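Structure first, commentary second.
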């Protein structure tokens, strides 16, 4: 489902538990991430991070020769590479420590493979802008580079707001995006009360992308929660 | 503290009653004693009154009888009679040094007191003045036995005033000592109260209560240390479980999804994955419960638009993929959209998580879960209901009975107990009931 652009990113895994490291590698490999660098100690992590310049670091907090927080601080002296902490420590104070030092996310063990992938994709999408590929939907084709929708013979232009809306949804394709996230994507940090405006935009987007806007199949409403963009079936 | 004041009042009331009774007892004893002395004196044959009457009667008739003379002799009494010029006209058994003639002044002086240190008593008779003498130091005579009439008249008033003054003094002493006792014991009582609620105390007390304060502080330190040890232990165990559990969950999920394996194997992997998820929930609950129980200070309460957090939580939960046996219907009211709660959102999310998991756990055949968020009477209500089997009557009864520990331990593990704890931390309320149609309904009400 995810683009090969994101899967081509180099990920450094730092974990002292060999079995768990092996499993992480397995999960990522199977997902299609081929460029993995493995380290089992803080020292190794520091060296490999410097030599291989990864695009994302998955970092255990407790390492035999130091803490993951220290490791990140050393890397931060020359790089702002995104870091996800993977840890068994779960007290809130730890979370604050990690995030204050500039971690991008924090996963508490035990975790499901899906959760790990979800977080990795989320961070990668946020940090690395992909050259927008046209996105195929059930009744139309979204061309983000031109801000256009191709439906049948028609080519319809997207307004800036519609573009933002569809971009946010497409970055989470197949997943529900909350109305709050969508509103913030369009209007920035707003308190609330923009749901009605959002509804209006959604309606207009549907008219542009759906074959039958009153029975949407690509842009689905999840009542009370948000919206989901569904990719078209491959032919 | 009201209890102490009452206790002290009670104590002092008893004490004052006791003093009053003691006073009364003294009064009675004194009365009895005086009564007895007076009675004895009255019973004696040789009292001045009786002797004077007897002697004067006999002397007026002639002379003293043998019997009276014997009485006088035996008791070392003596008698003389003075005529109207002060000359002795009769004497019996006079001690040495008693003159035979007296001036008017001398008579006036001794008639009220002593004659040559002999206490004397006088009585007028036909022949003159009868003087009866007693041995030295056998009587104390009051030589100035008079009181002004004003004093006698105002005496009852004086007594009343004295009584009132006494009462006032007693009341002041009572108030001061009560205040003092309360003031001295208050820090100790506060400390005990805090300790009873499991909070650490540092009690400072001076004087006699110092050792008690020290022991209280000691107990508090012990309690804190024990709580810390317990929290650390829970934290340590949960920490160590997490890494192996990650692998169990990860590999079970992989096996579950492998297409080259037979279905029974994948089904078993699914069970392992599902049960590992339960252990993960338990470990998370245990950690949060331990934090709520032993580390009440560590919350980061913040004003949050709660709907946003709830919605995101549910979305994340659905995005990781839920079993198709279950579906979720969400209803959020317009008022709830803007409602802000002073809360730790992570805890509210956890409560929601536990309610969702609870519905799924008890309805293995699948069900629809309804999540409603709305406001009512200044409260934000988070309602999770399902159309499953619902609670049994016994379960509901146990929950109503606030010995709810029993309810949680026997039926629902840590999950609902933790929800209750989280709600309590936010000063909210948790209500369990069955839906009218079918299924369970749990309502969490948080004050805005």
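What follows is calculated from the coordinates using simple rules that are stated; it is not laboratory data. Here the structure is a predicted model, which means the values were calculated and not measured. Cβ coordinates were reconstructed from backbone atoms using ideal geometry, including for glycine residues, and neighbour counts include every protein chain displayed.
Any chance you could give the angle, 0 to 90 degrees and rounded to 10, that helix A:42-52 forms with the longest Cα principal axis of chain A? Approximately 50 degrees, to the nearest 10.
Put a dot 7 Å past the Cα of residue B:24, heading toward its Cβ, do the same for residue B:301, and the two dots end up 5.6 nm apart.
Going from the fewest other Cβ atoms within 10 Å to the most, the residues B:419, B:357 appear in the order B:357, B:419. Other protein chain C-beta atoms within 10 Å of residue C-beta, averaged over B:301-312: 3. With a Förster radius of 22 Å, plug the Cβ-Cβ distance of residue B:173 and residue B:212 into 1/(1 + (r/R0)^6) and report the FRET value to the nearest 0.05. For R0 = 22 Å, the calculated efficiency reads 0.30.
If one computes the Cα centroid of the stretch A:1-37 and of the stretch B:237-259, what distance in Å separates the two points? Measuring centre to centre over Cα atoms gives 17 Å. Shape of chain B from its Cα gyration tensor (a ≥ b ≥ c, root eigenvalues): rounded if a/c is under 1.5, otherwise prolate when a/b > b/c, or oblate? Note, shape of chain B comes out prolate.
Given a Förster distance of 35 Å, report the FRET efficiency between residue B:114 and residue B:160 from their Cβ-Cβ distance, rounded to the nearest 0.05. The value I calculate is 0.35. The mean count of C-beta atoms from other chains within 10 Å of the C-beta of residues in A:112-123, rounded to a whole number, is 3. Separation of the stretch A:162-192 from the stretch B:34-67 is 127 Å, based on Cα centroids.
If the label point is 7 Å along Cα→Cβ of residue B:376, which residues in the stretch B:317-357 have backbone nitrogen under 11 Å from it? Backbone N within reach: none found. Dividing the summed -39500 (n - 2.57) terms of all DSSP H runs of n ≥ 4 by the residue count of chain B sets its mean residue ellipticity at 222 nm at -20000 deg cm²/dmol.
Each of B:259, A:162 was scored by other Cβ atoms within 10 Å of its Cβ. Listed from fewest to most, they are B:259, A:162. Cut-off 12 Å, label point 7 angstrom out along Cα-to-Cβ of residue A:26: give me the residues of the stretch B:224-266 whose amide nitrogen falls inside. It comes to B:247-258, nothing else. Beta bridges from DSSP with both residues in chain B: antiparallel share about 85 percent, rounded to the nearest 5. By the count of neighbouring beta-carbon atoms within 10 Å, fewest first, B:47, B:143 end up ordered B:143, B:47. Peptide A:174-180 shows a mean partner chain C-beta count of 6 within 10 Å per residue C-beta.
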